[in-house]
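The values are calculated or read from the model by the stated rules, or taken from the named source; none is laboratory data. Owing to the predicted nature of the structure, the values given are computational and were not obtained by experimental measurement. When we count neighbours, we look across all protein chains shown, and the Cβ atoms used for this are built from the backbone with ideal geometry, even at glycine. SASA here: full protein model, heavy atoms, side chains in, ligands and nucleic acids out. Shrake-Rupley method; radii C 1.70, N 1.55, O 1.52, S 1.80 Å.
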Amino acid sequence: MAIASNTDTPTNRGWYKRNEIAITPWLFLAPAILFFAVYVIIPIFQSINISFYDWDGLGEARWVGLDNYVELMDDGAFEVSLWNNLKWLLFYLLAIPAGLFIALFLNQTVAGIRIYKSLFFFPFVLSQVVVGLVFSWFYLPNEGLLSGILGWVGLGPVNVLGDPTLATYGIIAAGLWPQTAYCMILYLTGLNAVDPEQVEAARLDGAKGWKMLWYVIIPQLKPATFIAFVVTIIGALRSFDLISIMTNGGPFGQTRVLSFYMFEKALSEYGFRMGYGAAIAVVLFLIMLFFIAYFLWSMWKEDTDR
Amino acid sequence: MFPKPIQSASPGAQIAYKTLLPISLILWLLPLIAVAVFSIKPDTDFTQGNYWGAPGSFEFVNNYGQVFFNSDMPRYMLNSVLITVPTMFGAVALSAMAGFALGIYKFKSNLLIFFMFVAGNFVPFQILMVPVRDLTLDMGLYNTKTGLVLFHIAFQTGFCTLFMRNFIRQLPFPLIEAARVEGVAEWRIFWYVVLPLMKPALAALAVLIFTFIWNDYFWAVVLTQGPESQPVTAGITSFNAQFRAAYHLMSAGSIVAALPPVLMFFLMQKHFIAGLTLGAVK
């Protein structure tokens, strides 16, 4: 190897040289750990701490114990946000079967199929801000393309984003667009690696269609499904951009989710209630923690199996 | 291969498949196509209610000219570049080192530190919002690009370290042992042996980070305000206010804002997809 010429034989084996293997990883880790601790790990605990205070972000913080959490219990807007988060979690997962469906549709070798795959993936590359704008025009009550299409088949125009019950579903549908594209690309990669011999063997045994998909293909797609699940759950709980762009929480606050409500309480014209906002964030964090624990447990099992 | 190759199906099915492909693609991209058409329409089309018909005239140069020469858009774009590119280098550098440490060395807290990065990467942003904003204010970096870059580097390091560590684990370990036997210093092993082998991972991460950071909206709103330092995602909302209901200009603006990551994706597609689908196959 070329590098062999670069080596200098250590004449004086100092303390560093003797402990090189033990120290080096820490030197390499130091900058990353420092950044991550300052900006991610410590702030988590600071937020938990702030959630026990009444604080406007500028003046003196006043210890209020669990008051913020007690107040949350009676807060109608918090309840709406929590329910909407559940809706997001549930319906956002539709991206997984939808992505699988499109991947199966595109998993062929005809001319130009690569371009089709890239163009189907395209929405994922767009910023959520742009997706939000595009869909809010799509949903425009009279001029929107959706109302146009509905009028064409004889249905009246709908004001999706102006309707308190429909608005959240409208936003989730917009979010599903890029998310489905992501799941599709995961499954396309997964399908590429499906063992052809197993498929042939199953074919000889008479398996086809749904049975083949369910018993032979989907089990082999398990790693792709796991990642799709992880990114979709995180995406659902992080939903903020689309809501902020498309409805700004309205109509009548009916499209708020925890992440949006927290922002509204802590950093918007509705007041600077840092402590209350932090309490909302802690609740969101606890929901996430449940999933994080599951993800880490799965990864740990995987890692120790090897 | 599953599903069955279409070539083995009946000719009718093959024709059906080949006609279905473009139709489904057009339906899938319909909202986007609509915006592209909007962006070349004249203003009068919208005032006369001609939203979905053919453009009254072709105003490509006019509309995009407005965006580039008559708005803050170029400034926002420049801000985005100045935020995205340093973040890309910072996060890739930090995580290459951290990934090397976690992937190559065996020490007691290795898995614990690794899981700290992974877990932190899944955390909802909102729990970081108040303290990070305070920290940025205290450092005098509120409403600066540097403040945004520092946070992005730190947060992206979580995901990048996960990626790098898993990638390095797949490298042939005997190579490193051989170098050690030769007496090569550890940092030289990193620089001359491991880093060259990591080129695909570095490229994949660089394009992914570019896209993620370019598209960030939440932190842009939390840590910056105004055209001096806000990136284009936040800028487009003030653009929205400036050209209220001017759909043709809004569309042109959105397309311009979306273009850099789109170009990045189409130019570096292989790396991009390799990065996104890491772990999707065993």
Next on the checklist: Quick check on region B:69-82. Is at least one of its residues open to solvent by 40 Å² or more (accessible area, probe 1.4 Å), more than 24 Å from the chain's Cα centre (by Cα) and modelled with pLDDT under 95?
Outcome noted: yes
Next on the checklist: Just to check your reading of the model, which residue among A:Phe290, A:Phe263 is at pLDDT 90 or above, at the interface with chain B (Cβ under 9 Å from one of its Cβ atoms) and either open to solvent by less than 30 Å² (accessible area, probe 1.4 Å) or in a helix (DSSP H, G or I) (or both)?
Outcome noted: A:Phe263
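Just checking, does region A:177-190 include any residue being surrounded by fewer than 18 Cβ atoms within 10 Å (Cβ to Cβ) and part of a helix (DSSP H, G or I)?
First, the residues of region A:177-190 that are surrounded by fewer than 18 Cβ atoms within 10 Å (Cβ to Cβ): none.
No.
Listed here are the residues, each with its yes/no results for (1) farther than 17 Å from A:Leu82 by Cα; (2) surrounded by fewer than 24 Cβ atoms within 10 Å (Cβ to Cβ); (3) in contact (Cβ under 8 Å) with a residue 24 or more places away in the chain.
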position: A:Pro219; (1), (2), (3): yes, yes, no
position: A:Pro223; (1), (2), (3): yes, yes, yes
position: A:Phe226; (1), (2), (3): yes, yes, yes
position: A:Val230; (1), (2), (3): yes, yes, yes
position: A:Ala236; (1), (2), (3): no, yes, yes
position: A:Ile243; (1), (2), (3): no, no, yes
position: A:Gly250; (1), (2), (3): no, yes, yes
position: A:Gln254; (1), (2), (3): no, yes, yes
position: A:Val257; (1), (2), (3): no, no, yes
Item to check | Complete set of residues in region B:227-260 that are more than 9 Å from chain A (Cβ to nearest Cβ) and hydroxyl-bearing (Ser, Thr, Tyr) | outcome: B:Ser229, B:Ser238
Item to check | helices (runs of 4 or more DSSP H) wholly inside region B:166-247 containing at least 3 residues that are among the aromatic types (Phe, Trp, Tyr) | outcome: B:199-214
Checklist outcome for this item: Selection from region A:114-132 of residues open to solvent by less than 40 Å² (accessible area, probe 1.4 Å), more than 8 Å from chain B (Cβ to nearest Cβ) and among the β-branched types (Val, Ile, Thr) yields A:Val131
Checklist outcome for this item: Counting only residues that are more than 10 Å from every other protein chain (Cβ to nearest Cβ) and not in a loop (DSSP other than H, G, I, E, B), region B:261-282 contains a total of 4
Checklist entry - Quick check: is even one residue across region A:137-150 of a type in the set (Gly, Ala, Ser), outside any loop (DSSP other than H, G, I, E, B), open to solvent by 20 Å² or more (accessible area, probe 1.4 Å) and more than 9 Å from chain B (Cβ to nearest Cβ)? => result no
Item to check | Cβ-Cβ under 9 Å pairs, at least 6 apart or on other chains, region B:97-109 side in the same structural domain as B:Tyr192 (by TED's automatic domain parsing) and touching a residue at least 12 places away in the same chain (Cβ under 8 Å), far side open to solvent by less than 10 Å² (accessible area, probe 1.4 Å) and of a type in the set (Asp, Glu) | outcome: B:Ile104/B:Glu186
